[in-house]
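The values are calculated or read from the model by the stated rules, or taken from the named source; none is laboratory data. The shown structure was predicted, so the numbers you read here are calculated from the model rather than taken from an experiment. Note: ideal-geometry Cβ built from the backbone for every residue, glycine included; neighbour counts use all protein chains shown.
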Amino acid sequence: MSASYQTIEHDVPQSYRDKILKWNGWGYTDSQFTINKDGHVTFTGDKYDISGKVMPHFRPWFENYLGIDLNYVSPAQKLSDVVIDAPVENEDLIDFLKENNISFSNSARIRLMRAHGHTVHDMVNLREGKIPRLPDVVVWPKTEQEIVKIIEGAMSHNCAIIPIGGGTSVTNALDTPVTEKRAVISMDMALLDKILWIDRENLTCRAEAGIVGQSLERQLNKKGFTCGHEPDSIEFSTLGGWVSTRASGMKKNKYGNIEDLVVHLNFVCPKGIIQKQCQVPRISSGPDIHQIILGSEGTFGVVSEVTIKIFPLPEVKRYGSFVFPNFENGVNFFREVASRRIQPASLRLMDNDQFVMGQALKVASDSWWASLKSSVSKMYITSWKGFKVDEICAATCVYEGSREEVDQQEDRLNKLAADFHGIVGGEENGQYGYRLTFAIAYLRVSRNL
């Protein structure tokens, strides 16, 4: 990477974003779909269920379905060849940051890593070396008061601020407008990543906005709790990001969306800190300022701390799946589930294209018995039940609760699925389909794919 300016920085932290995440694609640097020496698709790294596994059926499906020859390679732009324009200069701002001992950098790579979200458009542009207008300096607040101070500095020195949490945005909220003439500050919340307290009696948790979703959940689990919020981006997105984007999770049926989980929050804006002093779960007055902050995507200020509802870890967590003869039957099943109010924690329907792709992504089995079971299952569905391969759709589900509750939910859904000619697909397929969600995002920018 080359830049025609002098880097100025102070007390730059070691950030996970700069150490283990791709600069031009989704996720971890060691994780991607690729072609092995035998010509089969495999997944690198060690962080996912399919990591190190071979998917022998995926390449034929991919090439036939999309009409793409995977022998054709379009190499991505090398980071070393990327040219970064100089930032907009604002010496008064730099002096202000130094005087207040605020961590900052205008390093080319650090600016680039925080200049974009993760739409396909973002990633294709980066891989082709089309670099967007970058923020001019990155700052890392270490406390809520430093956020206040940074905003004061931006107001005093005519700067704009773009907050960044996990950087998983797909709404262009992290883009710096090309017409912006002011210096733009990227406020990286990575250092505000701690749980402040857990209230076991009222089942609430207070945490800093920069805490990453999987870290929050892991720490809560160790204490016997869950937050229940599980968006597809939970590995990388942050608590503050969930609030700012009004996020939804895969287990919203049981736990709700983020707006259902938020009890209180602190919000730093140019006028100071907006917060409710009363920490009770609900206040019978309005209007509710939280509804203005939720989904505001950094346009009004910065979420600094959040109190959310938490739940005891469920006694039982069980996966399930169903196969339906066609999409219409699957949709009608879902409507009946909603009508009867018997949704499990998660219930997701895949159309035929998604179902066939999921089957193509199945890893090779070393077990003779597993291969036999798979063959028999396919024969049962297509030959004996008469399902057409080009019409089949499937659903994955997650049950959470007490053993009795989960058993009852599973029994009711199994019987209801049969009314719509559905077949129980089993726990193993349900777990595979659900967890595949986290790896499938890598398909967009993987080597040779």
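Those residues that are part of a strand (DSSP E or B), crowded, with 24+ Cβ neighbours inside 10 Å and among the β-branched types (Val, Ile, Thr), I need them from the range 193-250; list them, please. Across the range 193-250, the qualifying residue is only THR238.
Test ALA418 against the criterion of being surrounded by fewer than 16 Cβ atoms within 10 Å (Cβ to Cβ) and either part of a loop (DSSP other than H, G, I, E, B) or assigned by TED's automatic domain parsing to the domain that holds LEU347 (or both), and give yes or no. Yes. Please determine whether any residue of the range 30-38 is basic (Lys, Arg), outside any helix (DSSP H, G or I), surrounded by 15 or more Cβ atoms within 10 Å (Cβ to Cβ) and not assigned by TED's automatic domain parsing to the domain that holds GLY210. There is no residue in the range 30-38 that is basic (Lys, Arg), outside any helix (DSSP H, G or I), surrounded by 15 or more Cβ atoms within 10 Å (Cβ to Cβ) and not assigned by TED's automatic domain parsing to the domain that holds GLY210. If only residues of the range 125-164 that are assigned to a loop (DSSP other than H, G, I, E, B) and β-branched (Val, Ile, Thr) are counted, the one that is farthest from ASN90 (Cα to Cα) is THR143. Looking at the structure I just gave you, is GLU230 within 19 Å of ILE161 (Cα to Cα) and either modelled with pLDDT of 95 or more or in the same structural domain as TYR255 (by TED's automatic domain parsing) (or both)? No. For PRO75, the conditions (1) assigned to a loop (DSSP other than H, G, I, E, B); (2) in contact (Cβ under 8 Å) with a residue 40 or more places away in the chain all hold with the exception of (2). What do you reckon, is PRO13 assigned by TED's automatic domain parsing to the domain that holds ALA108 and either surrounded by fewer than 16 Cβ atoms within 10 Å (Cβ to Cβ) or of a type outside the set (Lys, Arg) (or both)? Against the criterion (assigned by TED's automatic domain parsing to the domain that holds ALA108 and either surrounded by fewer than 16 Cβ atoms within 10 Å (Cβ to Cβ) or of a type outside the set (Lys, Arg) (or both)), PRO13 qualifies. Just one of the listed residues (GLY358, GLY386, GLY433) is outside any helix (DSSP H, G or I) and at pLDDT below 95, namely GLY386. Picking from residues in the range 1-19 that are at pLDDT 95 or above and either closer than 28 Å to GLY433 by Cα or assigned to a loop (DSSP other than H, G, I, E, B) (or both), the one that is nearest to the chain's Cα centre (by Cα) is PRO13. Here CYS278, CYS269 are screened, and the one residue that is surrounded by fewer than 22 Cβ atoms within 10 Å (Cβ to Cβ) and either of a type in the set (Phe, Trp, Tyr) or modelled with pLDDT of 95 or more (or both) is CYS269. Inside the range 165-192, residues that are touching a residue at least 24 places away in the same chain (Cβ under 8 Å), part of a loop (DSSP other than H, G, I, E, B) and farther than 22 Å from VAL120 by Cα make up a count of 7.
Residues of the range 73-116 that are out of contact with any strand residue (DSSP E or B) (no Cβ under 9 Å at 6 or more places or on another chain) and closer than 27 Å to PHE33 by Cα: VAL73, SER74, PRO75, ALA76, GLN77, LYS78, LEU79, HIS116.
Here ARG348 does not qualify as modelled with pLDDT of 95 or more, more than 12 Å from THR396 (Cβ to Cβ), out of contact with any helix residue (DSSP H, G or I) (no Cβ under 7 Å at 6 or more places or on another chain) and outside any loop (DSSP other than H, G, I, E, B).
Listed here are the residues, each with its yes/no results for (1) within 21 Å of THR168 (Cβ to Cβ); (2) not charged (D, E, K, R).
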residue: ARG17; (1), (2): yes, no
residue: TYR28; (1), (2): yes, yes
residue: HIS57; (1), (2): no, yes
residue: PRO60; (1), (2): no, yes
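For the criterion of being out of contact with any Cys (no Cβ under 6 Å at 6 or more places or on another chain) and either modelled with pLDDT of 95 or more or not in a loop (DSSP other than H, G, I, E, B) (or both), LYS317 passes. Exactly one residue out of ASP122, ASP92, ASP49 is acidic (Asp, Glu), part of a helix (DSSP H, G or I) and within 25 Å of the chain's Cα centre (by Cα): that is ASP122.
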